[in-house]
Amino acid sequence: SIRTFNGVYTDNERNINSEIVNDIHYIGIPLNLYFNIFDSRNLRFYAWGGGSAEKGLVSRFRIQSNTGDIYYKESVNGLQWSAAAGLGLEFLLGEHLGLYLDPSARYYFDCGQPLSIRTERPFMMNYEVGLRFNL
């Protein structure tokens, strides 16, 4: 996740009041269960629920300065846990191909993670549209 804010960077030599860009990179494992509510030859309606555990790999900062940008990074402790649920509609275009619509909601739990959109607004709505290959 990326966020931008105004702040003061202080080191031994200077105080810089600047725009600061912070990005955090996560890697995670989702676990979701799907249940077909209606399943016909051309249409599938389903519900799903699950969660994920994500590990923050690094939190990087870029402080914009007139004398050149300053870069700083720090490690991220702990895991970011979340729970999610959604409904989906899939139009089957062939034996192994479908076009799907998948609105959902996700909640990120307070796990002591660095400030980000996940900590400021932990409840998020998502809407996915795409092609799905079924094996």
Based on what the data block shows, is Ile117 exposed (fewer than 11 other Cβ atoms within 10 Å of the Cβ), within 18 Å of Ile2 (Cα to Cα) and in contact (Cβ under 8 Å) with a residue 24 or more places away in the chain?
no
Sort out which residues of region 93-116 are farther than 13 Å from Gly56 by Cα, touching a Leu at 6+ places or on another chain (Cβ under 7 Å) and of a type in the set (A, V, I, L, M, F, W, C), and write them in order of number.
Leu93, Leu97, Leu99, Leu101
When both residues are 6+ apart or on different chains and their Cβ atoms are under 7 Å apart, which pairs have a first residue that lies in region 121-135 and is open to solvent by less than 100 Å² (accessible area, probe 1.4 Å), and a second that is of a type in the set (Lys, Arg)?
Met124/Arg106; Asn126/Arg106
State yes or no: is Ile24 of a type in the set (A, V, I, L, M, F, W, C), surrounded by 14 or more Cβ atoms within 10 Å (Cβ to Cβ) and in contact (Cβ under 8 Å) with a residue 24 or more places away in the chain?
yes
Tell me the strands (runs of 3 or more DSSP E) entirely within region 42-101 that contain at least 2 residues that are surrounded by 14 or more Cβ atoms within 10 Å (Cβ to Cβ), touching a residue at least 12 places away in the same chain (Cβ under 8 Å) and out of contact with any Gly (no Cβ under 7 Å at 6 or more places or on another chain).
43-63, 79-92
Tell me which residues, restricted to region 44-77, are modelled with pLDDT under 95 and of a type in the set (A, V, I, L, M, F, W, C).
Leu57, Val58, Phe61, Ile63, Ile70, Val76
Farther than 26 Å from Arg132 by Cβ and either at pLDDT 90 or above or of a type outside the set (Val, Ile, Thr) (or both), is that true of Tyr108?
no
If I ask for residues that are surrounded by 14 or more Cβ atoms within 10 Å (Cβ to Cβ) and either assigned to a strand (DSSP E or B) or basic (Lys, Arg) (or both), which ones from region 102-114 would you list?
Asp102, Ser104, Arg106, Tyr107, Tyr108
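The values are calculated or read from the model by the stated rules, or taken from the named source; none is laboratory data. Just so it is clear, the model here is predicted, and its values are computed rather than measured. Virtual Cβ from ideal backbone geometry, glycine too; neighbours counted across all protein chains shown. The accessibility values were calculated without ligands, DNA or RNA, using every heavy atom of the protein model including side chains. Shrake-Rupley method; radii C 1.70, N 1.55, O 1.52, S 1.80 Å.
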